[in-house]
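The values are calculated or read from the model by the stated rules, or taken from the named source; none is laboratory data. Worth saying up front: this structure is predicted, and the values here are computed from it rather than measured. In this analysis, Cβ positions are derived from the backbone assuming ideal geometry, glycine residues included, and neighbour counts consider all displayed protein chains. Remember, those area values only see protein heavy atoms, side chains included, never the ligands or the DNA or RNA. Shrake-Rupley method; radii C 1.70, N 1.55, O 1.52, S 1.80 Å.
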Amino acid sequence: MYVTDRDRPLLSGEGIASFTWTGHAAELRERLDATAAAGMSEILYAPIGSDIPRELEAFMAMARE
């Protein structure tokens, strides 16, 4: 994934973190707990990258903590 020169001025680390599930496992686990507390019962996760199995394993490890 990369950001185009056109889009770069419109993005910040804070914006990316607030609209994606990008971050450290502990931070993502807190967000997962908060969304569950708000009533979420399912989540759709779409791994992106060159190693999809690793991405899926990492997400599941975080979610099972």
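Would you mind telling me the share, in percent, of accessible area of the stretch 4-65 contributed by carbon and sulfur at probe 1.4 angstrom? Could the numbers behind the result be given before it?
Working: 2940 of 5060 Å².
Roughly 58 percent of what the probe reaches on the stretch 4-65 is carbon or sulfur.
Could you work out how far helix 52-64 tilts from the main Cα principal axis of the chain, as a 0 to 90 degree angle to the nearest 10?
50
I'd like to compare 21-28, 2-9: which one has the highest average count of other Cβ atoms within 10 Å, and what's the full order after that? Could you put the intermediate results ahead of the total?
On the way: 21-28: 12.9, 2-9: 8.0.
Top to bottom by mean Cβ count within 10 Å: 21-28, 2-9.
At 1.4 Å probe radius, can you tell me the per residue accessible area of the chain in Å²?
Result: 84 Å² per residue.
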